[in-house]
Amino acid sequence: MSALRPLLLLLLHLCPGLGPGHGSEAKVVRSCAETRQVLGARGYSLNLIPPSLISGEHLQVCPQEYTCCSSETEQKLIRDAEVTFRGLVEDSGSFLIHTLAARHRKFNEFFREMLSISQHSLAQLFSHSYGRLYSQHAVIFNSLFSGLRDYYEKSGEGLDDTLADFWAQLLERAFPLLHPQYSFPPDFLLCLTRLTSTADGSLQPFGDSPRRLRLQITRALVAARALVQGLETGRNVVSEALKVPVLEGCRQALMRLIGCPLCRGVPSLMPCRGFCLNVAHGCLSSRGLEPEWGGYLDGLLLLAEKLQGPFSFELAAESIGVKISEGLMHLQENSVKVSAKVFQECGTPHPVQSRSRRAPAPREEASRSWRASAEEERPTTAAGTNLHRLVWELRERLSRVRGFWAGLPVTICGDSRMAADLSQETAPCWTGVGRGRYMSPVVVGSLNEQIHNPELDTSSPDVPTRRRRLHLRAATARMKAAALGQDLDMHDADEDASGSGGGQQYADDWKAGAVPVVPPARPPRPPRPPRRDGLGVRGGSGSARYNQGRSRNLGSSLVLHTPLVLLLLPSALTLLVLR
């Protein structure tokens with residue numbers, strides 16, 4: 001019997017059926033030298049790697065045949081496969097995160113800069129043209145811009161309150177200056193503001209300017225804030241989605257894909273591409289952001305187009321000073337009619353024992369300076385761009401990432417560590433159990449279709465993934481609503497039908513052919529209690545301010561046509577002359 005032993009050993013090496021099993025790489029490769037070399041370069045202890053194949057009964061993931069891996073080596077390879085996969089996912093999404101973060105920063109800087117430019121331009125032109133006439137009352141203009149910034153930054157009250165308080169303060173200053181021969185106690189000013197807040201709108205001291213300013217600046221600010229918030233939400237959601245933990249089923253599939261060839265002693269045998277695609281689709285199908293991703297991108301582009309078109313933020317910011325001057329001009333030109341109505345309803349105030357002084361005549365250079373400013377080219381802000389360029393860049397970059405989540409498995413398997421190159425697709429590759437060709441079909445598509453994935457059992461999205469998708473869906477809804485003139489963040493159901501709150505819509509600037517929606521009429525809202533702020537006028541130490549025009553109903557849609565050049569009437573601010 002001892003004489004037959006050498007012959008039996010020889011037959012063991014020559015006969016395929018007596019080799020290490022399916023795949024039979026070990027029938028010709030008995031050494032683990034290549035595996036030791038590769039793992040040694042990665043920092044593995046060579047004491048844990050046998051010099052030649054050993055029985056694989058101890059393996060938990062790889063085929064339990066002849067192997068180069070001990071139990072410790074297999075567990076370490078499982079962790080390394082997970083790290084490799086997660087690194088590839090995060091690297092593939094770095095461009096996406098950078099795109100959303102950069103667009104968020106650019107748009108945010110631009111909108112902030114446009115508000116600052118509008119405020120600075122108004123202050124510079126009015127101060128240069130009227131000197132103390134403007135500076136003595138600059139506080140109410142500064143308060144207006146502070147309120148606009150507060151709303152944009154989500155830290156202040158609603159836009160209707162901000163704008164109504166501004167016009168109320170302006171009226172309290174301007175009306176007494178129309179009649180310097182009278183003294184106006186707080187009770188008279190209380191009646192004045194009540195009269196201007198009536199639902200019938202019988203007294204409109206500033207004409208249509210308050211409504212036009214509210215319409216233009218509100219829808220522009222609502223759209224701008226929704227766009228910036230949407231970009232920020234997308235950046236945060238994508239950043240979280242790219243760092244999700246790998247589940248156990250995916251971890252084992254990744255080990256079979258890129259770890260088991262090392263254990264079989266054939267590290268140079270690349271995994272089959274179809275094998276890799278099935279593993280990647282199975283791992284990512286329950287962790288991606290589809291189908292919400294496509295709708296989110298559509299919402300961004302729709303709102304961006306509105307911001308450079310009918311909801312232009314540039315035009316809205318530039319027109320603030322124009323609308324204010326138009327309102328003051330209307331008050332001056334209709335002072336007799338307005339005063340008669342006020343005196344009829346509120347009574348005649350007491351005269352003062354002093355001669356009235358005529359307001360100084362307007363200066364011609366004021367008209368010239370405003371005309372020159374209105375005809376200037378729109379400025380390039382500190383953000384280094386303008387709105388048209390920002391929208392173009394956003395559209396161009398989003399076109400690159402539209403199919404990101406659907407194409408992520410292909411991107412992952414394009415790495416040389418994950419699968420064989422396309423040029424080697426017909427060559428033998430690692431199938432998961434040995435050398436050959438991967439015959440299983442590649443399963444792509446939704447999570448429901450992944451139940452047919454041959455490589456791993458997919459599970460439903462976990463709670464964090466569902467939450468991220470809901471955040472994307474909410475941001476999309478907010479942006480699409482803002483593109484229709486709605487502000488979903490406002491919960492005041494009593495806001496003006498043409499304003500930003502209560503989910504109301506602007507009937508202006510609808511797409512061609514669409515049926516305009518007329519906002520529903522609301523019953524008049526009672527005036528608010530008076531609020532004292534210490535900015536007194538003649539005849540009293542304090543002044544009552546009301547939310548002017550908040551309860552006016554717009555029974556029909558009014559199309560706003562903004563001229564390109566609006567000239568400031570030089571006599572507008574002479575109303576602000578202190579006696």
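The values are calculated or read from the model by the stated rules, or taken from the named source; none is laboratory data. All of these numbers come straight from a predicted model, not from anything done at the bench. Heads up, the Cβs are rebuilt from the backbone with ideal geometry, glycines too, and the neighbour counts pull from every protein chain shown. Heavy atoms of the whole protein, side chains included, go into the accessibility calculation; ligands, DNA and RNA do not. Shrake-Rupley method; radii C 1.70, N 1.55, O 1.52, S 1.80 Å.
What to note about this one:
- Expressed as a whole percent, the accessible area of the range 178-296 that falls on carbon and sulfur atoms is 51 (1.4 Å probe).
- Whole-Å distance, taken between Cα centres, linking the range 83-109 and the range 408-465: 25
- Stretched out straight at 0.36 nm per residue, the stretch from Arg389 to Ala33 would grow longer than its current Cα-Cα span by 122.3 nm.
- You can think of it this way: the chain between Glu240 and Glu345 has 31.6 nm of extra reach, that is 0.36 nm per residue less the Cα-Cα gap.
- 18 Å reach of a label modelled at Arg417, 7 Å along Cα-to-Cβ, counting backbone N of the range 74-110: 74-95
- Simple spin-label estimate for Asp150 and Cys191 in nanometres, 7 Å along Cα-Cβ: 3.1
- Loop-located GluC sites (Glu not before Pro) in the range 24-90 (DSSP state not H, G, I, E or B) with no more than 15 neighbouring Cβ atoms inside 10 Å: Glu57.
- Gain in span if fully extended, Ile97 to Leu46, counting 0.36 nm per residue against the direct Cα distance: 14.3 nm
- Protection proxy ranking of 221-227, 75-81 - average other beta-carbon atoms within 10 Å, highest first: 221-227, 75-81
- Per residue accessible area in Å² of the range 267-351, where ligands, DNA and RNA are left out and the probe is 1.4 Å: 33
- Of the chymotrypsin sites (Phe, Trp or Tyr not before Pro) found in the range 131-216, not one falls in a DSSP loop while having at most 10 other beta-carbon atoms within 10 Å.
- Förster radius 45 Å - calculated FRET efficiency between Gln75 and Val444, Cβ distance, rounded to 0.05: 0.90
- Per DSSP, loop trypsin sites (Lys or Arg not before Pro) in the range 103-183 with at most 11 further Cβ within 10 Å: Lys154
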